[in-house]
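Notes follow the structure.
The values are calculated or read from the model by the stated rules, or taken from the named source; none is laboratory data. What you see is a predicted model; the values in this text were computed from it and never measured. Reconstructed Cβ throughout: ideal geometry from the backbone, glycine too, with neighbour counts over all protein chains shown. For the accessible areas, the whole protein counts, side chains as well, though only heavy atoms, and no ligand, DNA or RNA atoms are used. Shrake-Rupley method; radii C 1.70, N 1.55, O 1.52, S 1.80 Å.
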Amino acid sequence: MAEQYRHICPYNCYSACGIISHVTAGRITSLSGDLQHGYSRGYLCAKGHSFLNAASHPNRLRSPLLQQPRGSGRFKEIGWSEALSLLTAQMVSLYHQYGSYEPVCLYTQSGNMGTLHQAWSWLAHDLGCTVATGSLCWGAGLDALGYDVGRYTQPRPESMRQSKTIICWGTNPAWTAIHQMDTIHQARDMGAKLIVIDPVYTATAAQADRYIQLRPGTDGALALVIAHYLCQAGLIDRDYIDSHVEGWPAFHRYLTDLDIEALRETTGVDRHVVQELAEELASHRPVAIWLGFGLQRHTNGGQNIRTITALAAITGNIACDGGGIFYANTANLDALNKRCEAIAGCADPVRTIPAYDLANALDTITGNPIKLLLMASANPLVQNAETGRLTAALAQLDFIVVADQYLTATARQADLVLPVTNFLEHVDVVASYWHNWIGINQQAVAPLGHCRSDLAIVTAIAASLQAALPGTSQFPLLSEEEWLHRLFDSELCEQLGITSYQDLVAGPREVAASDNPWKDKPFGTPSGRYELLSAAAGKQGLPELPVYQKPQTGTAAYPYRLITPHVRDSLNSQFAQASGAGPITAHIHPALAARLGLQQGSKGRLYNSQGELSVRIACTPTVPEDTVVIYQQPYSGQPLNSLASPLPTDMGRLRSNGQSVAYYDTFVNIS
């Protein structure tokens, strides 16, 4: 008879779905949605179902691999004892030479959002390693909202069912958040309108009551034009502003002084569309505004977010049930990680380098040089900017270690590759950055081959270093179960209505939260009000007000903006190893294709000063005429980000300890 085990998908996705594995004779025979999960409600996306194939895929690593010489492609399997001895010897040697572990650098990102997978960071802080900080993708938006509302959470996503108007601004839930799309459908069944604002005509736009196409990077300009009209037409909520909004007089003066018509023309949005959208915000309430990550992947990305959020504040929608601003809810992730940091004793600050500019940071760091690089839950030679220069920077290091499930592009440049388990093979607890449900990952089957969990690997490294250099590490040598037992103290258990983490085996639990955290409650800002005028932003050298910042534009040599949206059945580079790769398709407007002498299916060359890609042309009339759209899915050959420069977003230091990459300010030419 099949046994059942409970899991939460730990990948970087809104839904963090509940999953049930069905196991017979030690083998997973099927996966299904967990009906006990209150958000995903028993439905799995295609990515979730694909984990069945990925669990035992022939491309998965099964043993530690040593590559000699590095970059040769000559890997040999070794045992864990030898792998740990090699790594420990390198780290101990560097400690003796430099008097600290600073020459060891840790690079991690969001490849696995499970709580215990953050152990690499806890170890790095315990040892005093150098740490690459900053999120590649969402830091500008988190900072922007931090300046506006303070301790950022968001309304419960389920509360969107109460909305009368839902604005998906730069987000495509029909592909990337299908469970929330179902909530949107429920709201529409009760009369809500769906408006999509996006440079790209998406699957969500195809289902919307209204689609508004604007020029990439002009989101902030459009929001300011709408705000100006709201003021001129007397459509602002003056009572709410007087009671709950800080800085309105200064923002109003700023709006009055703008050349609104010139600003509107930069967006490409007609005047009557602006007026109708403003009237929707004011009269068809409550309005929920969902901000996508893409619109803040610009050098003006944080300002884009602040100006749009201001619309919710001055119309009073931000504090309505069914209204508000939706972007991300990091409260539960942060709370779990802080508890684990306390258990690990992560008190002392460490030296940091910016993740968004990793190649330059490795080349130019002052003080102790970086000699050894540890990488986990990340694939920077595909996902980071200027991957060509990064490859060259890695080649200068003494030793590179990658922990992964597959021999990725980054792993192929490592000396030592450590095979990690997938989430079906170890114990963990997972929270979401979107909803409030927390659940357990049970171990359903034995690890494949000689794979170990990230926590088990980190613990083994710590044990080796503690034996070799007593006193240099205090990292707790605990099992996964022991970590979870300490993590789920009485306070956390009380919040979830349980007595032990093991109670989560019966089903995920929701952290109690109000439908709208800003309804009749103070904001988490210094003033306790929504801050249009943010002194905190000013202290960071940023405009105190949400203001217009001109978007980047192309040059004569590279005139076309490259946008790389996510697709439905893949996620960055994570599914490439199991699903295979194909040629790159570049979507361009037919008029642009005609000017360049290209046709549907033509072979083309996409290039800039960073490099070039071979592409196949798709003539797509819904793409803006000066824009190239390439969807992020597994491709063969050079990664898309080989064309991206490490341009920083305007914000990111406050919440993510570093700026993000302005990926959507990449410009190219086509031939």
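In table form, for the structure just shown:
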{"quantity": "Residue list for segment 629-643, filter: under 17 Å from the mean Cα position of the chain (by Cα) and either assigned to a loop (DSSP other than H, G, I, E, B) or on the phi > 0 side of the Ramachandran plot (or both)", "calculated": "Tyr631, Gln633"}
{"quantity": "Residue check for Gln659: in contact with a helix residue (DSSP H, G or I) (Cβ under 7 Å, 6 or more places away or on another chain) and either open to solvent by 20 Å² or more (accessible area, probe 1.4 Å) or in a strand (DSSP E or B) (or both)", "calculated": "yes"}
{"quantity": "Residue tally, condition among the hydrophobic types (A, V, I, L, M, F, W, C) and either assigned to a strand (DSSP E or B) or surrounded by 24 or more Cβ atoms within 10 Å (Cβ to Cβ) (or both), over segment 429-449", "calculated": "7"}
{"quantity": "Number of the condition not met by Phe75 [criteria: (1) crowded, with 16+ Cβ neighbours inside 10 Å; (2) out of contact with any strand residue (DSSP E or B) (no Cβ under 8 Å at 6 or more places or on another chain)]", "calculated": "(2)"}
{"quantity": "Enumerated helices (runs of 4 or more DSSP H) restricted to segment 125-241, each holding at least 1 residues that are of a type outside the set (Ser, Thr, Tyr) and under 23 Å from Ser110 (Cβ atoms)", "calculated": "139-149, 173-176, 178-189"}
{"quantity": "Residue in segment 161-177 that is modelled with pLDDT of 95 or more, open to solvent by 10 Å² or more (accessible area, probe 1.4 Å), within 24 Å of the chain's Cα centre (by Cα) and on the phi > 0 side of the Ramachandran plot present", "calculated": "yes"}
{"quantity": "Number of positions in segment 421-442 that are within 24 Å of Cys137 (Cα to Cα) and among the aliphatic types (A, V, I, L, M)", "calculated": "4"}
{"quantity": "Which numbered condition Gly191 misses (of (1) out of contact with any Pro (no Cβ under 6 Å at 6 or more places or on another chain); (2) open to solvent by 20 Å² or more (accessible area, probe 1.4 Å); (3) at negative phi; (4) not charged (D, E, K, R))", "calculated": "(3)"}
{"quantity": "Residue that is surrounded by the fewest Cβ atoms within 10 Å (Cβ to Cβ) [pool: residues in segment 211-251 that are free of Cβ contacts under 8 Å to residues at least 60 places away in the same chain and within 33 Å of the chain's Cα centre (by Cα)]", "calculated": "Tyr211"}
{"quantity": "From Pro624, Pro646, residue being part of a loop (DSSP other than H, G, I, E, B), within 24 Å of Leu596 (Cβ to Cβ), touching a residue at least 24 places away in the same chain (Cβ under 8 Å) and not aliphatic (A, V, I, L, M)", "calculated": "Pro624"}
{"quantity": "Within segment 342-359, considering residues that are surrounded by 17 or more Cβ atoms within 10 Å (Cβ to Cβ) and within 22 Å of the chain's Cα centre (by Cα), the one farthest from Thr387 (Cα to Cα)", "calculated": "Ile353"}
{"quantity": "Conditions (1) modelled with pLDDT of 95 or more; (2) under 30 Å from Ala132 (Cβ atoms); (3) among the hydrophobic types (A, V, I, L, M, F, W, C); number of the one not met by Leu654", "calculated": "(1)"}
{"quantity": "Options Trp120, Trp138: the member that is buried (at least 21 other Cβ atoms within 10 Å of the Cβ) and within 30 Å of Asp182 (Cβ to Cβ)", "calculated": "Trp138"}
{"quantity": "Selection status of Ala16, open to solvent by less than 10 Å² (accessible area, probe 1.4 Å) and either modelled with pLDDT under 90 or in contact with a Phe, Trp or Tyr (Cβ under 8 Å, 6 or more places away or on another chain) (or both)", "calculated": "yes"}
{"quantity": "Counted residues, segment 519-548 - those being crowded, with 20+ Cβ neighbours inside 10 Å and out of contact with any strand residue (DSSP E or B) (no Cβ under 9 Å at 6 or more places or on another chain)", "calculated": "4"}
{"quantity": "Residue identified as at pLDDT 95 or above, more than 21 Å from Ala319 (Cα to Cα) and not acidic (Asp, Glu) among Gly191, Gly217, Gly234", "calculated": "Gly217"}
{"quantity": "Pairs where the first residue, in segment 345-360, is on the phi > 0 side of the Ramachandran plot and the second is of a type in the set (A, V, I, L, M, F, W, C), C-beta under 8 Å, 6+ apart", "calculated": "Gly345/Phe475"}
{"quantity": "Restricting segment 549-568 to residues that are more than 24 Å from the chain's Cα centre (by Cα) and among the β-branched types (Val, Ile, Thr), the residue that is least open to solvent (accessible area, probe 1.4 Å)", "calculated": "Thr555"}
{"quantity": "Total residues in segment 604-621, condition open to solvent by 30 Å² or more (accessible area, probe 1.4 Å) and either assigned to a strand (DSSP E or B) or touching a Ser or Thr at 6+ places or on another chain (Cβ under 9 Å) (or both)", "calculated": "8"}
{"quantity": "Test: residue in segment 507-517 that is open to solvent by less than 50 Å² (accessible area, probe 1.4 Å) and at pLDDT 95 or above", "calculated": "yes"}
{"quantity": "Residues being within 26 Å of the chain's Cα centre (by Cα) and part of a loop (DSSP other than H, G, I, E, B) - total across segment 508-543", "calculated": "18"}
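Per-residue answers, yes or no, for (1) aliphatic (A, V, I, L, M); (2) touching a residue at least 24 places away in the same chain (Cβ under 8 Å); (3) open to solvent by 10 Å² or more (accessible area, probe 1.4 Å):
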residue	(1), (2), (3)
Val269	yes, yes, no
His272	no, no, yes
Ser283	no, yes, yes
Pro286	no, yes, yes
Ile289	yes, yes, no
Gly294	no, yes, yes
Thr299	no, yes, yes
Asn304	no, yes, no
